[in-house]
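The values are calculated or read from the model by the stated rules, or taken from the named source; none is laboratory data. Just so we're clear, the structure is a prediction, and the values are computed from it rather than from any experiment. All Cβ positions, glycine included, derive from the backbone under ideal geometry; neighbour counts span all protein chains shown. Ligands, DNA and RNA are excluded from the accessible area calculation, which covers all protein heavy atoms including side chains. Shrake-Rupley method; radii C 1.70, N 1.55, O 1.52, S 1.80 Å.
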Amino acid sequence: MPTSKSTSNRIRTFTGSALHEVALPIGGIGTGTISLGGRGQLTDLEIYNRPWKGNTPRNTFFALWAKERGKAAVTKILEREFLPPFTDLNGGGFEQNHAAGAPRMREAVFSGEYPFGRVELRDPDIPLQIHLEAFNPFIPLNDADSSIPCAIYKWRFTNAGARPVEASFLSAFTNPINKLKLGEEGWQSPIYGYDPGGGANEMRAGASLRGIYMTNPSIDPASEYYGTAAVAFAGEEERKSAPKASAYMAQTHWYQGGWWDGLQMLWNDFSADGRIENRHDAFSVPAGRYNECSQAVAFNLKPGESREFTVLFTWHLPSLRNYWNANEPVQNAMLQNWYSTRWTDAWEVAQYVADNLERLECETRQWHASFFSSSLPAAVLDAASSQASIMRTTTCLRLSDGRLHAFEGCHCASGCCPMNCTHVWNYEQAVAFLFPGLERTMRLTDFTHNTDAHGKMVFRTLLPLTSDAFWNFEAAADGQMGAILKAYREWQLSGDDEFLRQIWPGVQRAIAYAWSHANPHAWDHDKDGVMEGRQHNTYDIEYFGPNSMMGALYLGALRACALMAEHLGDADSSAEYQALYENGRAHLEALLWNGEYYVQKIAVADLLIVPEQLQSPLDPYPKYQYGPGCLSDQLLGQWLSHVAGLGHVLDARHVKRAMQSIYKYNWRNGLRRIPNMQRVYGLNDEAGLAIVTWPKGGRPQLPSVYSDEVWTGIEYQVAAELIYEGEVEKGLSIVEGVRARYDGVRRNPWNEFECGNHYARAMSSWSLILALSGYQYSAPEQRIGFAPKVNQDKFNCFWSTGSGWGQYAQRRTASSFTATLSVQYGALTLKQLDLGGGGAGQAKLRLGATASQPDAVVRQSRAGSEVVFDNPITLRAGDEISITIHSA
């Protein structure tokens, strides 16, 4: 029976047909990935600096030979049996190069807590318990060790029976370094497969690993296809003592025959006695052939014993080609991956991973434990962690200068909607809070490269960055204002004044562009704090006239500019921005509030409208507006202002009522009766949040495009904003509904798509962590705060800043309140700690294991308690501070 369920507060497990769509991507930031499929298979090999969904590597698998004393030997590939359908796109059976007819395990149970994917394999014929754990190092704040081109497979075999078992574990891989066959349809051309030939394999050994190094000398080193790969055995056992000569076996190449002779000979050899013939010679294949290789280790298990193996798959393809831009001079420009500046080939990568495996694994598990031990709801942990994987898919690039760049998402064979799209990346929060240093590189691109002398910010980036090539399109109002809010967020997380000063001239030009005569679209032509002009936005259209989606972003940007200017000593500019913010807020409230939510006032006078943008020749109003409708994104700027720590930029009572209305009118517990002529990301009995509804009538014949669609990135944004406004149950119901759509049967839980796979907007899910914990942080003020919205009596959760991360916990009884802030990585300097549940009473502080009491004042605030230290304190990894308040 298929199942997809949560166990207590942990992430879901999948079995049966719920395994069908599961594929957890494994790889570093900007490196490409190989996915672990639900059955335990290796799939979606996407290491070629572009997406390649469906690229199951040929003849690549793990296998086991096992013989229980007194019984016949059994050989099986370590994957669950295939799930229907049993046909391919050509109408026949399975492709011949995946050993599809070989015996496999009867059942699998998959669980994923990113970055770990785990598979338990079960079969009545196999006398062992079998467990696979696959991952890539993921260490918040350590972007270097989170950008390694590798996949780590940790296999554990346990004899839970009463008899000894002889066994042998095999790893089979095909040299992946080959040219690709691409179509000629432009940047979205499909990949038709490999153009094989020339692959060379050789044995390698180091102090902490041994394996097979794979190259292809026939490929020009300047080519995008040039690279290396490695498959190696590593781990604690190999470091303590090398395996006996008879235990470790390797073949740099398979039997070279016709048809599928190589696979047949390997199976014959291995299944006979668990051994394979050693072939350690360096070997190259001619044109048209693939070069497969195998390694195996024989071992014995007494009852109760276990044996573990760690297999590393690493890759190194240093060059990528700009296939996505037709703009000169960047079209087909060659770029370099950041990881190629750190390692020269895949064997160096493997050696680094093996040498540092204990630390890399320990720090990754430390983050995993800190995050998943949280008392936050399981659906929230699932949503936030699963979509954090997006930053490590082919959606993102990390180039040789260390900067992060990204598509909006991925088509099956190309990135979609390049590059650094400001309005889509407005929603992303995971990179900003887990790897803030990388996020700051995106702001550097926004403000020091993409913002021109007049303040126009191009909302797509051309690569390589060059002074004579820019995206030729009008500015995006939401993307430009959102970038300013994100600049403020980055400064608050880092406290980096040098960074702020570096981007500040661009920020000032960008905000002034709203009212500048250089802006042909007259966003705020009368400089009253409300946008009235033609506003290009994330719906790939223009809104005409005042609306709160752009309006709240604009207000948030003005408020952020006022605070940044004040910090930099520019009092005049700060006063100007603040006055404009206050005027705009009052004007927008009076103009757009209808008693339940904020509407759009369509205005077209003096705006640039072409005939194609009109509803019809007789209709004076443009197409694709929402007018009196209820837009789910109407408070996007308010949500981003909360995330950035600015608080309410609109009337708090109106904001809460508007969020209630969005939930009331736009959230649907079933979509079966809702007609949608647009793109379909939810249907039938699934729940979803419509982008726009018209509860009071007035739906245009041609409404705002995408209005009937459901986008997970907006759903998470709305859910978080509901939680910020105290509507916790409503917010959580949206999160649960979204994740139910991605159940392994219908869709992949680690691939929330929109216009492409692994769509960046879905990383708005990280804001759920911030909203539910009531997290606020200001590095310039050296202040951190928490005000949990759930489980206040017994609460704990992960937190992160630009300098450190750890856990916050609180316990509340009728007579006392205790809060503990611990640092597990990096450091945190504090002048003030805000506690939402503290209240009044006698307080006692304890710093670290020494139980010293720092000098501080504890005072009651409107939200709870404030702990203000006489002198800043610095907590480092392993330190914690506790405060206990006893009721008066």
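Local charge for residue 518 was computed over the other residues whose Cβ lies under 11 Å away, with Lys and Arg +1 and Asp and Glu -1, and equals +1. Length gained on full extension, residue 223 to residue 683: 161.2 nm, using 0.36 nm per residue less the C-alpha separation. What the range 302-425 shows is 27 Å² of accessible area per residue, with the surface traced by a 1.4 Å probe over protein heavy atoms.
Listed cross-link partners 456/486; 76/181; 623/656; 154/181 are compared with a 22 Å cut-off, the Cα-Cα value being larger for 76/181; 623/656; 154/181. The residues neighbouring residue 422, those whose beta-carbon lies less than 9 Å from its own, together hold a net charge of 0 under the Lys/Arg +1, Asp/Glu -1 convention. Approximating the spin labels as points 7 Å out from Cα along Cα→Cβ, the residue 526-to-residue 122 distance works out to 7.0 nm. Contact order for the chain, expressed relative to its length and based on alpha carbon pairs under 8 Å spaced 6+ residues apart, stands at 11 percent.
Taking 0.36 nm per residue of separation and subtracting the current Cα-Cα distance, fully stretching the chain between residue 579 and residue 281 would add 99.7 nm. For residue 251, the amide hydrogen comes within under 5 Å of the amide hydrogens of 279, 294, 295, counting only partners 5 or more places away or on other chains and with H modelled in the peptide plane. In this Cβ point-charge picture (+1 for Lys and Arg, -1 for Asp and Glu), the range 673-809 has a dipole of about 140 debye about its Cα centre. What figure, in Å² to the nearest 10, do you get for the accessible area of residue 813 with a 1.4 Å probe and non-protein molecules left out? The accessible area comes out at roughly 80 Å². Would you mind calculating the relative contact order of the range 250-309 from Cα pairs under 8 angstrom and at least 6 residues apart, reporting the percent as a whole number? Reported relative contact order: 43 percent. Gain on full extension, evaluated as 0.36 nm per residue between residue 517 and residue 273 minus their Cα-Cα distance, stands at 79.8 nm.
Please check which bits of the range 272-292 a label hung off residue 166 would reach, taking the label as a point 7 Å along Cα-to-C-beta and the cut-off as backbone N under 20 Å. Residues 272-278 fall inside that zone. Provide the net charge surrounding residue 125, with neighbours chosen by a C-beta distance below 14 Å and charges set as Lys +1, Arg +1, Asp -1, Glu -1. With Lys, Arg at +1 and Asp, Glu at -1, the neighbours total +3. Between residue 594 and residue 651, the modelled label-to-label distance comes to 1.6 nm, taking each label 7 Å out from Cα in the direction of the beta carbon. For the chain, the dipole from Cβ point charges (+1 on Lys and Arg, -1 on Asp and Glu) about the Cα centre works out to 2320 debye, to the nearest 20. In the context of the full set of protein chains, residues of the range 756-888 present 40 Å² of accessible surface per residue (probe radius 1.4 Å, heavy atoms only). When a 1.4 Å probe is rolled over the protein heavy atoms, the share of accessible surface on the chain that falls to carbon and sulfur comes to 49 percent. Choose one of 377, 800, 284: the residue whose Cα lies farthest towards the positive end of the charge dipole of the chain (beta-carbon charges +1 Lys, Arg; -1 Asp, Glu; about the Cα centre). Checked the options; the winner is 377.
Estimated from the Cβ-Cβ distance and a Förster radius of 56 angstrom, the FRET efficiency linking residue 861 and residue 247 is about 0.30. Applying 1/(1 + (r/R0)^6) with R0 = 35 Å to the Cβ-Cβ distance of residue 188 and residue 568 gives a FRET efficiency near 0.20. Figure legend: label point modelled 7 angstrom from the Cα of residue 69 along Cα→Cβ; residues of the range 294-334 with amide N under 11 Å from it are 301-303. To the nearest 10, the accessible area of residue 857 is 80 Å² with a 1.4 Å probe. Peptides 189-198, 415-424, 870-879 ordered by packing proxy, namely the average of other Cβ atoms within 10 Å per residue, highest first: 415-424, 189-198, 870-879.
Summarising the strand pairing of the chain, around 95 percent of its internal DSSP beta bridges are antiparallel. Note on Rg and Dmax of the Cα atoms in Å: of the candidates (i) 29.7, 100; (ii) 28.4, 90; (iii) 34.2, 112, the value calculated from this structure sits at (ii).
Taking the helices alone, the chain has a mean residue ellipticity at 222 nm of -7500 deg cm²/dmol, built from -39,500 (n - 2.57) per DSSP H run of at least 4 residues and averaged over all its residues.
From the Cα gyration tensor of the range 399-479, with a ≥ b ≥ c the square roots of its eigenvalues, which class applies: rounded if a/c is under 1.5, or else prolate if a/b is larger than b/c, or else oblate? Rounded shape, in that the Cα axes give a/c under 1.5. Using a probe of 1.4 Å on the protein chains alone, the accessible area found for residue 886 is around 90 Å².
Scanning the chain for GluC sites (Glu not before Pro) lying in DSSP loops with no more than 10 further Cβ atoms inside 10 Å, the longest uninterrupted stretch between such sites is 186-888. Between residue 603 and residue 669, the C-beta separation translates, for a Förster distance of 51 Å, into a calculated FRET efficiency of about 0.90.
Computed from label points 7 Å out along Cα-Cβ, the spacing between residue 401 and residue 256 is 4.6 nm.
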